[in-house]
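Below is one structure; the comments refer to it alone.
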Amino acid sequence: MNQKVLKTLEYDKIIKQLQELAGSSGGKELCAKLLPQTDRHQIETAQRETSDALTHIMTQGGVSFQGVRDIRNSLKRMDIGAILGIGELLDIASLLATAGQVKAFFRKSLNEQEETGDSLNERYQLIEPLFPLMQEIRRCIPEMDEVADDASPGLAQIRRKLKSAGDRIHEQLNVVLNSHRNMLQDAIITMRNGRYCLPVKAEHRSSFPGMLHDQSSTGSTLFIEPSSVVKLNNEIRELEVQEQEEIEKILAELSNQAAEQSFYLEQNYRILTELDFIFAKASLSKKMRGTEPKFPEENYIEIKRGRHPLIPTDQVVPIDVHLGREFSLLVVTGPNTGGKTVSLKTVGLFSLMGQAGLHIPAFDGSSLRIFQEIYADIGDEQSIEQSLSTFSSHMVNTVSILEKADDQCLVLFDELGAGTDPVEGAALATAILSNLHNRGTIVMATTHYSELKLYALQTPDVENACCEFDVTTLRPTYRLLIGIPGKSNAFAISSKLGLSADIIEDAKYHVATDATQFEDVLTDLENTRNKLEKEHQVVSESRKEISKLKKALQEKNERIDQSKERILQNANAEASQILAEAKAYADETIRKYRKWAESDRNIREMEAERSKLREKMADSQSNLHTKTPKKKTSTPKASDLFVGADVRILSLNSTGTVSTLPNEKGELFVQAGLLRTKVHIHDLELIKQSAPAKPERKKSGGGKIGMNKAASIHQEVNLIGMTVDQAMPVMEKYLDDAYLAHMTQVTIIHGRGTGALRNAVHNKLKRLKYVKSYRLGEFGEGDMGVTIVTFQS
């Protein structure tokens with residue numbers, strides 16, 4: 001590709017974004033050299049590599065290549081037998097550490113996918129981390145400019161001697177410092193030229209034995225090495241030389257080990273920089289939400305919802321473009337700042353990116369054509385230095401394009417023929433487009449000339465397009481509409497901006513009749529298109545809604561069928577289980593009764609077994625009751641209920657008595673036999689009865705009173721939920737009524753709780769003369785939650 005089009009279409013800015021995403025200097029170098037290709041195999045391979053790397057990023061996250069150091073110069077030095085420095089060896093260790101991380105990254109991905117790998121698998125297989133070499137370098141050189149003491153036995157011994165000599169020289173210097181403190185400027189030990197010295201006052205130079213190494217800027221302080229430590233200083237210098245020689249030996253040994261692996265080191269560097277480059281392309285795709293373009297054999301362009309990658313995502317308007325199948329020349333018209341040039345650049349830039357192996361920011365399924373060359377004449381290229389006007393500079397580019405363009409090229413013109421007389425400019429533009437069209441060149445051009453609109457309407461394989469403009473808001477929508485010629489909207493825009501109506505009418509008078517009629521036709525077409533577009537949108541939304549409702553109905557019917565089958569299966573299984581349990585329980589009960597009849601067992605044990613049987617039957621009825629409750633005759637009101645009222649619990653299909661009045665939520669407690677349950681008022685049916693009337697004191701016989709009481713008295717009284725003060729009057733009245741009704745035994749339900757209500761009941765029963773005895777309930781009677789009272793006969 002020519003360098004001019006790369007700059008014109010801002011391909012270089014895409015490359016800068018790509019470079020920022022690479023982690024290594026070698027990867028950035030490959031990014032900077034990336035150019036569009038023309039070989040189909042190379043393009044498709046590059047696209048597949050970018051897609052595979054993007055898959056790795058989306059499934060596992062990214063992998064860092066920042067540890068990849070450029071070791072090419074070090075490799076050259078090793079080839080000639082040079083000894084590598086500490087920094088060079090650490091660079092090799094860093095490269096090998098990154099190689100190990102990348103190897104582990106791909107190995108994990110391969111294990112998770114359980115496949116043979118992707119287009120990056122061959123590179124992954126060639127990576128050699130060389131762990132022994134990396135570990136040896138890091139053992140000997142833990143940090144920059146530091147060789148470890150245990151890098152070799154000789155180095156460890158020398159450094160022990162250095163430490164010992166340093167300790168001895170400090171001891172000797174401290175002795176001198178303390179004995180000559182009055183001669184010293186400061187009581188410190190310092191270094192000069194690698195030797196230990198003391199700061200001596202200048203006036204004591206002759207009386208302080210030692211070698212002078214330096215003096216202060218003022219000359220008042222002399223840095224003298226005491227005579228007593230000269231030998232020790234010499235010993236330290238000798239040890240330091242030995243230390244440096246030993247370090248050189250260590251570095252030489254490490255360099256030799258690295259040189260033996262130079263082939264793998266060079267291979268690792270090459271592969272890791274290539275992977276860094278490929279993953280940078282994938283990261284760019286993720287950043288711009290790109291997709292892999294297809295390159296069909298039919299050689300056409302079809303961009304779906306394409307977004308220019310250099311426009312912020314919150315501002316860019318996606319466009320749809322197709323070119324090269326139904327037509328090979330597209331003429332785009334419309335007002336300025338309407339998006340014509342952006343559409344032009346989007347097509348050109350996408351072609352460059354696609355052929356460079358980069359994903360494009362468009363919907364999946366977009367297609368591009370492979371061009372041998374792309375030419376673009378976009379922007380104002382006026383040249384003062386070359387004495388070229390805008391028209392002249394554009395014409396120079398156009399002449400150059402016409403000399404080179406063929407049927408394997410894409411040509412982009414922005415405002416073709418502009419900058420000169422409109423009549424001549426339109427004629428030139430028409431002739432240029434016709435010439436390129438006859439060659440089979442794929443061309444996209446923007447213009448304001450109505451003559452080019454007519455040319456597109458009248459010429460086969462040529463199509464009009466426009467960038468939509470909203471006249472009511474005076475703003476472009478930036479939508480590219482193919483198949484519709486655009487309008488300049490100059491009159492409408494001028495009117496909205498306040499230009500006098502008289503001037504606008506006068507201007508219309510000067511426009512040729514044919515041009516006016518043509519603009520009117522375009523206006524009618526635009527109105528019709530808008531109307532059809534709205535109707536299509538309504539129809540499309542209606543279809544989506546119908547499809548959604550149809551799908552929901554089908555899913556509902558499927559759920560109903562599945563639920564029906566499951567309910568029937570569960571019901572049959574449950575019924576079979578209940579019947580089996582009932583038969584087994586009945587057989588066991590009959591066996592027990594026969595045994596008791598033969599042995600004349602205690603009747604209480606038999607009654608307890610009968611109670612258990614009744615409870616079992618009640619539980620079975622509760623489990624088998626229909627989920628559709630019996631249709632209620634009426635829902636009782638809260639005012640219709642009173643404590644002691646007889647009700648039917650619809651969900652349990654059982655009767656009971658009201659223990660408490662409904663709360664604000666309509667919930668109340670009902671005593672159903674020994675079961676006290678909380679229900680809602682809507683789950684109750686009031687059994688016809690009269691509310692308890694206040695007892696009237698009538699003179700009547702005891703037998704008559706007994707009969708009246710017996711007709712309405714219950715076998716038990718429920719005190720649960722009452723305080724002691726509330727419960728005692730209720731219990732006394734109930735016991736009086738039960739005794740007058742000639743009942744022999746009754747049950748007082750007080751619950752377990754804290755035992756306070758039970759104790760109060762028992763204390764009261766002790767004082768009642770007509771109570772013969774009382775006891776707590778047994779198993780099957782309510783246990784400690786009830787008291788059984790027996791009256792005097």
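The values are calculated or read from the model by the stated rules, or taken from the named source; none is laboratory data. Model, not experiment: these values are computed from the prediction. When we count neighbours, we look across all protein chains shown, and the Cβ atoms used for this are built from the backbone with ideal geometry, even at glycine. Side chains included, ligands, DNA and RNA excluded: accessible areas come from the protein's heavy atoms. Shrake-Rupley method; radii C 1.70, N 1.55, O 1.52, S 1.80 Å.
Against the list (1) in a helix (DSSP H, G or I); (2) at pLDDT below 75; (3) open to solvent by 80 Å² or more (accessible area, probe 1.4 Å), the condition LYS699 fails is (1).
Within the stretch 312-335, identify whether any single residue is free of Cβ contacts under 8 Å to residues at least 60 places away in the same chain and either of a type in the set (Asp, Glu) or in contact with an Asp or Glu (Cβ under 6 Å, 6 or more places away or on another chain) (or both), and answer yes or no. Within the stretch 312-335, one or more residues are free of Cβ contacts under 8 Å to residues at least 60 places away in the same chain and either of a type in the set (Asp, Glu) or in contact with an Asp or Glu (Cβ under 6 Å, 6 or more places away or on another chain) (or both).
Taken together, the criteria exclude SER393 from residues that are closer than 19 Å to ILE484 by Cα, surrounded by 14 or more Cβ atoms within 10 Å (Cβ to Cβ) and modelled with pLDDT under 90. Residues in the stretch 35-69 that are open to solvent by 20 Å² or more (accessible area, probe 1.4 Å) and either in contact with a strand residue (DSSP E or B) (Cβ under 8 Å, 6 or more places away or on another chain) or in a loop (DSSP other than H, G, I, E, B) (or both): LEU35, GLN37, THR38, ASP39, GLY61, GLY62, VAL63, SER64, GLN66, ARG69. Here SER119 meets each of (1) under 30 Å from GLU44 (Cα atoms); (2) at pLDDT 90 or above with one exception, condition (2). Test LEU768 against the stated conditions and say whether it is part of a loop (DSSP other than H, G, I, E, B), more than 12 Å from GLU716 (Cα to Cα) and either open to solvent by less than 70 Å² (accessible area, probe 1.4 Å) or of a type in the set (A, V, I, L, M) (or both). When the stated conditions are applied, LEU768 passes them.
Can you find even one residue in the stretch 513-529 that is surrounded by 10 or more Cβ atoms within 10 Å (Cβ to Cβ), part of a helix (DSSP H, G or I) and modelled with pLDDT of 80 or more? No - not one qualifying residue is present in the stretch 513-529. Listed here are the strands (runs of 3 or more DSSP E) enclosed by the stretch 264-368 that have at least 3 residues being open to solvent by 20 Å² or more (accessible area, probe 1.4 Å) and farther than 19 Å from ILE15 by Cβ: 301-306. Take LEU402 and decide whether it is open to solvent by 40 Å² or more (accessible area, probe 1.4 Å) and either at pLDDT 90 or above or among the acidic types (Asp, Glu) (or both). It is true that LEU402 is open to solvent by 40 Å² or more (accessible area, probe 1.4 Å) and either at pLDDT 90 or above or among the acidic types (Asp, Glu) (or both).
Against the numbered list (1) over 28 Å from the mean Cα position of the chain (by Cα); (2) part of a helix (DSSP H, G or I), THR98 comes up short only at (1).
For MET183, the test of being open to solvent by 90 Å² or more (accessible area, probe 1.4 Å) and touching a residue at least 12 places away in the same chain (Cβ under 8 Å) is failed. Got a number for residues in the stretch 95-112 being within 17 Å of MET58 (Cβ to Cβ), open to solvent by 60 Å² or more (accessible area, probe 1.4 Å) and either among the polar types (S, T, N, Q) or modelled with pLDDT of 70 or more (or both)? Selection size over the stretch 95-112: 1.
In this structure, does PHE106 turn out to be touching a Phe, Trp or Tyr at 6+ places or on another chain (Cβ under 7 Å) and more than 17 Å from SER24 (Cα to Cα)? Yes; evaluated as a whole, the condition is true for this residue. In summary, SER74 fulfils each of the numbered conditions (1) hydroxyl-bearing (Ser, Thr, Tyr); (2) in a loop (DSSP other than H, G, I, E, B); (3) touching a Leu at 6+ places or on another chain (Cβ under 8 Å) with the single exception of condition (2).
Within the stretch 179-188, at least one residue is part of a loop (DSSP other than H, G, I, E, B) and closer than 27 Å to LYS161 by Cα.
Note on the stretch 75-84: among residues that are crowded, with 16+ Cβ neighbours inside 10 Å and either acidic (Asp, Glu) or in contact (Cβ under 8 Å) with a residue 24 or more places away in the chain (or both), the one that is farthest from ILE278 (Cα to Cα) is ILE83.
I'd like the full set of residues that are open to solvent by less than 30 Å² (accessible area, probe 1.4 Å) and either part of a helix (DSSP H, G or I) or in contact with a Cys (Cβ under 8 Å, 6 or more places away or on another chain) (or both), limited to the stretch 771-786. Within the stretch 771-786, GLY785 is the sole residue that qualifies. Quickly run through the stretch 190-213 and pick out the residues that are open to solvent by 50 Å² or more (accessible area, probe 1.4 Å) and under 27 Å from LEU162 (Cβ atoms). Hits for the stretch 190-213 are MET191, ARG192, ASN193, PRO209, MET211, LEU212. If you go through the stretch 218-246 and pick out every residue that is touching a strand residue (DSSP E or B) at 6+ places or on another chain (Cβ under 7 Å), within 13 Å of GLN172 (Cβ to Cβ) and either of a type in the set (A, V, I, L, M) or surrounded by 17 or more Cβ atoms within 10 Å (Cβ to Cβ) (or both), you end up with 5. Of the residues making up the stretch 748-793, those that are within 60 Å of the chain's Cα centre (by Cα) and either under 15 Å from MET728 (Cβ atoms) or among the polar types (S, T, N, Q) (or both) number 2. Taking the stretch 11-34 as the range and being open to solvent by 40 Å² or more (accessible area, probe 1.4 Å) and either under 29 Å from ILE401 (Cα atoms) or acidic (Asp, Glu) (or both) as the test, the residues that pass are ASP12, LYS13, LYS16, GLU20, GLU29, ALA32, LYS33.
Scanning the stretch 1-31 for residues that are farther than 17 Å from ILE271 by Cα and assigned to a helix (DSSP H, G or I) yields a total of 17.
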